[in-house]
1. Packing-wise, with mean Cβ within 10 Å as the measure, how do 235-242, 168-175 rank, highest first?
2. If you stretched the chain out fully between residue 157 and residue 50, how much longer would it get, using 0.36 nm times the residue separation minus the C-alpha to C-alpha distance?
3. List the residues whose amide H sits under 5 Å from the amide H of residue 201, counting only those 5 or more places along or on another chain, with H placed 1.01 Å from N in the peptide plane.
4. Assuming R0 = 25 Å, can you tell me the calculated FRET efficiency for the pair residue 64 and residue 143, based on Cβ-Cβ distance, to the nearest 0.05?
5. Modelled label-to-label distance, residue 84 and residue 241, 7 Å Cα→beta-carbon offset: nm?
6. Between residue 192 and residue 92, what length comes free when the chain is fully extended (0.36 nm per residue of separation minus the Cα-Cα distance, one decimal in nm)?
7. How would you order 176-189, 132-145, 153-166 from highest to lowest mean count of nearby Cβ atoms within 10 Å?
8. If packing is taken as the mean number of other Cβ atoms within 10 Å per residue, what is the order of 223-232, 90-99, highest first?
Amino acid sequence: MSTKFPPWAARLVAALILLTAVPAQADLFQYCQDLLLPPRNAFTDGRVEAAFARIQEYWRTEFIERGWPYEPARLVLHSGVVDSACGALRNLGPIYCGLDTTVYIDLAYFTSEWIEMFGPPDLALLNYVLAHELGHHVQFNRRPHLFSGNHYTRSEMIALVPRVEMQADCLAGVYLHYAVKNGDVRKSVAQKAPDLAYGFGDDVMDLRSLGRGVQPKKTEWEHGSGVQRSTWLSLGLTSGDLTGCEP
């Protein structure tokens, strides 16, 4: 006669078996917690604000060391429609508005729509999303005209947008490189970032929409392919050098 064990017991046995595979530098408590407990939504319980502050402090320090001025970004958490200097924002997930130097995070997107498609957003997504959006703020601090809206012609902006997005991915990788070395982000978390960047590629998102029976909205405003975005994030993650982030 077979013996049935409760789910928690099976997870405990798996954790004990896998302990030998945990790298010495890993946070053992966090590792076991991730394995044994059901996944949690990382966009809750103050985690967004804490991660935002860490990433911004990294860039503030980096700019000071290089003798560059740094104007801090703001963070606005909202659910549903919110007014910004870039217009009314709704169901857009994360977005950086250079006109008011603010990162807007739509919590409703990450607590409903995202979960329906992919399950609870984890720490890897949280760190990637915020590092990418603050990557745009780094761009603003170095080249404010990128976000002025009147410095380029429409055709020039259409050609520029993918490069801006890929550079923000690269800068996100630079931060994650530092965060792993500093112990702020686990290596296993940072290593998921290239796959996340790939998932936000225009071609990948189009395929995802088709898979849900939704016809992709064709637009001239592109953000780069999955391969391009993943490649540039991996470059920053490997090198840790912001001066190499020039698509």
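1. Working: 235-242: 18.1, 168-175: 29.4.
Taking the mean over residues of other Cβ atoms within 10 Å, the ranking is 168-175, 235-242.
2. Working: separation 107, 0.36 × 107 = 38.52 nm, distance 3.32 nm.
Length difference between fully extended and current span is 35.2 nm.
3. 226
4. After rounding to 0.05, the efficiency reads 0.85.
5. 3.2
6. Working: separation 100, 0.36 × 100 = 36.00 nm, distance 2.22 nm.
So the chain would gain 33.8 nm between residue 192 and residue 92.
7. On the way: 176-189: 17.8, 132-145: 20.6, 153-166: 14.9.
Going from most to least packed, we get 132-145, 176-189, 153-166.
8. Values: 223-232: 20.8, 90-99: 16.3.
By packing density, highest mean first, the sequence is 223-232, 90-99.
FYI, it's all coordinate maths here, none of it is from the lab. Quick caveat, the model's predicted, so the values are computed rather than measured. A quick note on method: Cβ atoms are made from the backbone with ideal geometry, for glycine too, and the neighbour counts reach across all protein chains shown.
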